[in-house]
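The values are calculated or read from the model by the stated rules, or taken from the named source; none is laboratory data. In this text the structure is predicted, and so the values were computed from the model without any measurement. Here Cβ is always computed from backbone atoms with ideal geometry, including for glycine, and neighbour counts include all displayed protein chains.
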Amino acid sequence: MNWKKMWMWLPLAFAACQEVGPPVNLGLNAANKTDTTYVEGFADAPQPRKALLEEFTGVRCVNCPRAHTTILNLQATYPGQIVPVGIHTGQFSVPYAGRNDFRIPEGNSLENLLGGAQGYPSGAINRTKFPSENNIIISDQKWSNYIGSELQGNPEVNVSIAKELDLTNNQAGLEVKVKLNVAQSEDIHLTMYVVEDNIVDLQLTPAGVDSAYQHKHVLRQCITPYNGENLAAPSLEANRVFVYNYVLDLKPEWNLANTKVVAFVHRIGQVPQVLQAAYVGLN
């Protein structure tokens, strides 16, 4: 993998019944920082709810531009709350000769993790299986029916990302902070992606192959394992904080002005629902 994670558990100090963690250094030398978990004695204001939209797409999928337009419209309707990720997988993702290959090794595993796509274009909204649907991955023509409900209420966790760039060594330091707004009764995982916008390449459309198509929110890399890292702690009570640090190797083909890191916390197993997502640009 092109990422290195530096971590060890710090000893946890206890005062009365409250678990107290060490101060987190928000300086930007991620390789020298330590992952930790602790419980704060106060609640934070919940962040605005975001919706992760994992779209399954491909350059040879004639109807996929329709889904791309739907995502742009959803982003305009819900500014800052839609977090799209374009996962190029399946038979329609085979690249044209001599052009970009947007597939990544984890693409098929991600699709299988969510139960598989019944057709293209399709996608998962917060990995939620809606009561009237048979699958987590649903047709793009149904996204607008459900996205609003996923943005209601407060998220069960807050997620934030701090970054630094070391362009001399072509690396980015990333610090992800997760705070539980409510207690969790089952394991939760942290997953992180690298996503790039505005990559000009071929795309099949109803009008033919468009040689100047702008591909957006293309999944370029999984920073964590595709099914995430377990946020392990003695207990998952409200106000527990996790701080994880990563060093990401920046690939020369990425345009950093159009590239971002997406982080989200989710459950696993039969109900892999996303609890909250966040993103930060690498420019």
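General remarks:
- Failed item in (1) farther than 15 Å from Ile199 by Cβ; (2) within 16 Å of the chain's Cα centre (by Cα), with Ile87 passing the rest: (1)
- Positions within segment 227-246 being more than 21 Å from Phe42 (Cβ to Cβ) and over 12 Å from the mean Cα position of the chain (by Cα), in sequence order: Glu229, Asn230, Ala232, Tyr244, Asn245, Tyr246
- Any hit, segment 127-141, residues being in contact with a Pro (Cβ under 9 Å, 6 or more places away or on another chain), at pLDDT 95 or above, of a type in the set (Asp, Glu) and over 22 Å from Val200 (Cα atoms): yes
- Exclusive hit being closer than 30 Å to Gly98 by Cα, surrounded by fewer than 21 Cβ atoms within 10 Å (Cβ to Cβ) and of a type in the set (Val, Ile, Thr), set Val200, Val194, Val241: Val200
- Qualifying strands (runs of 3 or more DSSP E) (wholly inside segment 148-214; at least 3 residues being within 20 Å of Thr70 (Cα to Cα) and at pLDDT 95 or above): 199-205
- Selection count, segment 91-136, where residues are of a type outside the set (Gly, Ala, Ser) and either assigned to a helix (DSSP H, G or I) or over 20 Å from Leu190 (Cα atoms) (or both): 23
- Qualifying residue in segment 82-105 (condition: in contact with a helix residue (DSSP H, G or I) (Cβ under 8 Å, 6 or more places away or on another chain), under 16 Å from His217 (Cα atoms) and acidic (Asp, Glu)): no
- Annotation: Trp143 fulfils all but one of (1) under 19 Å from Thr191 (Cα atoms); (2) crowded, with 20+ Cβ neighbours inside 10 Å; (3) hydrophobic (A, V, I, L, M, F, W, C); the unmet one is (1).
- Qualifying position, being within 12 Å of the chain's Cα centre (by Cα) and polar (S, T, N, Q), among Thr224, Thr205: Thr224
- Residue satisfying condition, being among the hydrophobic types (A, V, I, L, M, F, W, C), within 27 Å of Leu180 (Cα to Cα) and touching a helix residue (DSSP H, G or I) at 6+ places or on another chain (Cβ under 9 Å), within set Ala117, Ala51, Ala124: Ala51
- The single condition among (1) of a type in the set (A, V, I, L, M, F, W, C); (2) in contact with a Ser or Thr (Cβ under 9 Å, 6 or more places away or on another chain); (3) crowded, with 17+ Cβ neighbours inside 10 Å; (4) not in a strand (DSSP E or B) that Ile87 does not satisfy is (4).
- Wholly enclosed strands (runs of 3 or more DSSP E) of segment 1-68 bearing at least 2 residues at pLDDT 95 or above: 36-39, 51-57
- Scanning segment 91-134 for residues that are of a type in the set (D, E, K, R) and touching a residue at least 60 places away in the same chain (Cβ under 8 Å), we see that the one that is surrounded by the most Cβ atoms within 10 Å (Cβ to Cβ) is Arg127.
- Residue match in segment 234-248 (condition: in contact (Cβ under 8 Å) with a residue 12 or more places away in the chain, aromatic (Phe, Trp, Tyr) and touching a Gly at 6+ places or on another chain (Cβ under 9 Å)): yes
- Where Val280 falls short, out of the listed (1) within 17 Å of the chain's Cα centre (by Cα); (2) surrounded by 19 or more Cβ atoms within 10 Å (Cβ to Cβ); (3) of a type in the set (A, V, I, L, M, F, W, C): (2)
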